[in-house]
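Encoded as structure tokens, the structure appears first; notes follow it.
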Amino acid sequence: MKKITFLMMFCVFVVQAQTFYVDTNGTNIVSDGTYLNPYTSFKDVMDVVWSDATVVVKSGTHYLSEGIVLWGKENVIFTAENDQTIIDGSQIPENYVYNVNGALVRIVACKHVTISKLKLQNIHANHSLGLIVENSDNMLIEGNEILGIKYAVTTKAINEVGLGIPPHEYDQYGNLFLRTATALQILGSDYTDSTSNIKILNNKLYNNKTGWSETLVIKGNVTNFLIENNEVRNNSNIGIDISGHYNACEQGWQNNCGVPIEEYTHNSQANNGVIKGNLVCNNVSENGIHGAGIYVDGAKKIVVENNTVHNNDFGISVGCEKIGKSASDILVRNNLVYENKNAGIDVGGFNYYNANNGIPLDLDQEAYSGLVTNVAIVNNTIANNSNNIQDFYNGQMLISYLRNSIIKNNIFYAGGHHKRLFSMSYKLTTSHLNFDHNIFYTTDFNNDSSVLISINAKTNGQGEFLDYNDLISFTTATGHNQHAIFSNPYFVNSNTGSLNLDFHVNAISPVVGFGEMIQESYQNPVFGDYTSTGLDLDTRDRVVNNTIDVGAYQMQEQQFTDKAISFFEDLTVFPNPTSEYIYVPSTYDESTYTATNILTGTITNGVVKNGSFFMGNLQNGMYSIVFTDVSGVAKSIKIYKN
């Protein structure tokens, strides 16, 4: 007896994770989930696996007749054997997708599940989905490819679908169809218990035809998520959408949640998320509407940083479409946004005033859209946007109604035919918007007929269009950008259509060190750990020698040495300020110089003679002067002409 008791005291039970294999192309009669005798259907393996297991899909193309469902699983890995593993939904019947909101892979009420290295493709039906995660926690979606998820015309009768959801389109039999499909959806449809701790990493989502829907969407009661290092490209409509206030509960697995609508919309707002380091490009709507590469629509506490966003409709958009609701606490920083059809960045609530009766609403009400508040748009490079001839008027940024927001340390560059710098739908006062310390430039600034800045100053529902063809007149009229400059940022290569675009700046650029140290503006608990300036787009130090550059990239100190150009090395000139001559060391004789008026952009060229050059005939103001000696070495200094 004593011996038995001793053994039981030291007995340890270990549950070891099992590995199960599935091969829908297999021919074995008896399956036990081993490598040699894999399960031949996904349903069979999912009926066996509940927790602490790995499911490996063997190499080959696996054609589905119905979607794969993981329900109630815990500590499960669902992965591919190799990169030749494909899950294909082209044989799934249309009525299956429509009736159960079908997906290639559906995950419901799971915890600690990993979906990795799968290639999910080809499901063509209305409301089709590639991968959906619903009411699940601690999920990792990594290294997958999702493509060919497309809507198709259904033949459901009007009275089955219901009215009121655009677009109201009909097939040849008079039946309504709604063009929607989504490649990857994270859905929190439980209004009392959030879907949380979701990581979406290193996936490729491409060639999806989403209609009026989105390629990757976070919607409903979802919190604490990370979307990082993904490629979202060549899809229709919106690339990445973080949304709020959309009654997500009734759109979930259960069509009727059994609670009043005001209750399950209360927590239907994606929050506490980071969208970081993604490539988002060529996502263009086919519906004649303006989608966006990245769209924050009614969400809160969201960081959008270090993304490259180009050739979409809009680039990055922050708004709120739901009346009486808001998007708030949004940080957009260190992004490169270029060559989008419409504005590079679009921010604010639109149709803020009630235009029907001309009476401005109370500031706590919105007419046709919600409110956007507490937004920081800082250190972005925004170049050559509004390249669609129909959308040129919005320029590099479209600013609608904002409250308590800042737009600082950004480069706004309108090269070639992208003439307009930005537009404002409302004449915002400095009490609502701190818009300053930016650098503006257009290659067409010498054309007096060009409108660089446009304001549709809506007052009492009436539009007052105010156009400005220089930065000075805009600053004088509005008080914005008192410390901004109009100057060429000297990109390495910003030529539209070039195969070697490079929006880093040369070391002579005025953006270097010009930024405002505004990290104190981020000292807000909603941003959690995001209380610093972060890293630049190259993931390098954002602050060098206690200075911060304007734009998405930070010039590192060693780069000056590499280019034989130095901002840290003294260049003695006098007097500064000056009213007539500037004197420089005699070693600069025969050097060429380029003097750029920082505010107006006016450029004057000349040659240093006898250790001096004349500035008396130049307009008063701050000048950036670049000296280039006979060997091609350049140095820059700022001089004030009074």
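The values are calculated or read from the model by the stated rules, or taken from the named source; none is laboratory data. None of these values were measured; they are calculated from a predicted model. Here Cβ is always computed from backbone atoms with ideal geometry, including for glycine, and neighbour counts include all displayed protein chains. Side chains are part of the model used for accessible areas, which takes the heavy atoms of the whole protein and leaves out ligands, DNA and RNA. Shrake-Rupley method; radii C 1.70, N 1.55, O 1.52, S 1.80 Å.
If the condition is being surrounded by 13 or more Cβ atoms within 10 Å (Cβ to Cβ), under 22 Å from S586 (Cβ atoms) and among the hydrophobic types (A, V, I, L, M, F, W, C), then segment 617-642 contributes I625, V626, F627, V633, A634, I637, I639.
Given the criteria out of contact with any helix residue (DSSP H, G or I) (no Cβ under 6 Å at 6 or more places or on another chain), among the hydrophobic types (A, V, I, L, M, F, W, C), modelled with pLDDT under 80 and assigned to a strand (DSSP E or B), does L428 qualify?
Numbers: out of contact with any helix residue (DSSP H, G or I) (no Cβ under 6 Å at 6 or more places or on another chain): yes; among the hydrophobic types (A, V, I, L, M, F, W, C): yes; modelled with pLDDT under 80: yes; assigned to a strand (DSSP E or B): no.
No: the conditions fail for L428.
Any residue at all in segment 327-345 that's open to solvent by 10 Å² or more (accessible area, probe 1.4 Å), at pLDDT below 85 and not aromatic (F, W, Y)? No - not one qualifying residue is present in segment 327-345. The number of residues in segment 116-126 that are in contact with a Gly (Cβ under 9 Å, 6 or more places away or on another chain) and either surrounded by fewer than 21 Cβ atoms within 10 Å (Cβ to Cβ) or at pLDDT 95 or above (or both) comes to 7. Does V309 satisfy being over 21 Å from L205 (Cα atoms), at pLDDT 95 or above and touching a strand residue (DSSP E or B) at 6+ places or on another chain (Cβ under 9 Å)? For V309, the condition - over 21 Å from L205 (Cα atoms), at pLDDT 95 or above and touching a strand residue (DSSP E or B) at 6+ places or on another chain (Cβ under 9 Å) - is not met. Scanning segment 128-163 for residues that are modelled with pLDDT under 80 and of a type outside the set (V, I, T) gives A152, K156, A157, N159, E160, G162, L163.
Only one of the numbered conditions (1) open to solvent by less than 20 Å² (accessible area, probe 1.4 Å); (2) within 30 Å of N481 (Cα to Cα); (3) modelled with pLDDT of 80 or more is not met by S591, and that is (2).
Right, T443: closer than 24 Å to F514 by Cα, surrounded by fewer than 19 Cβ atoms within 10 Å (Cβ to Cβ) and modelled with pLDDT of 75 or more or not? For T443, the condition - closer than 24 Å to F514 by Cα, surrounded by fewer than 19 Cβ atoms within 10 Å (Cβ to Cβ) and modelled with pLDDT of 75 or more - is met. Scanning segment 487-499 for residues that are at pLDDT 85 or above and either open to solvent by less than 40 Å² (accessible area, probe 1.4 Å) or not aromatic (F, W, Y) (or both) returns N488, P489, F491, V492, N493, S494. Taken over segment 606-642, the criterion of being closer than 13 Å to T592 by Cβ and assigned to a loop (DSSP other than H, G, I, E, B) is satisfied by V608, D629, V630, S631, G632, V633.
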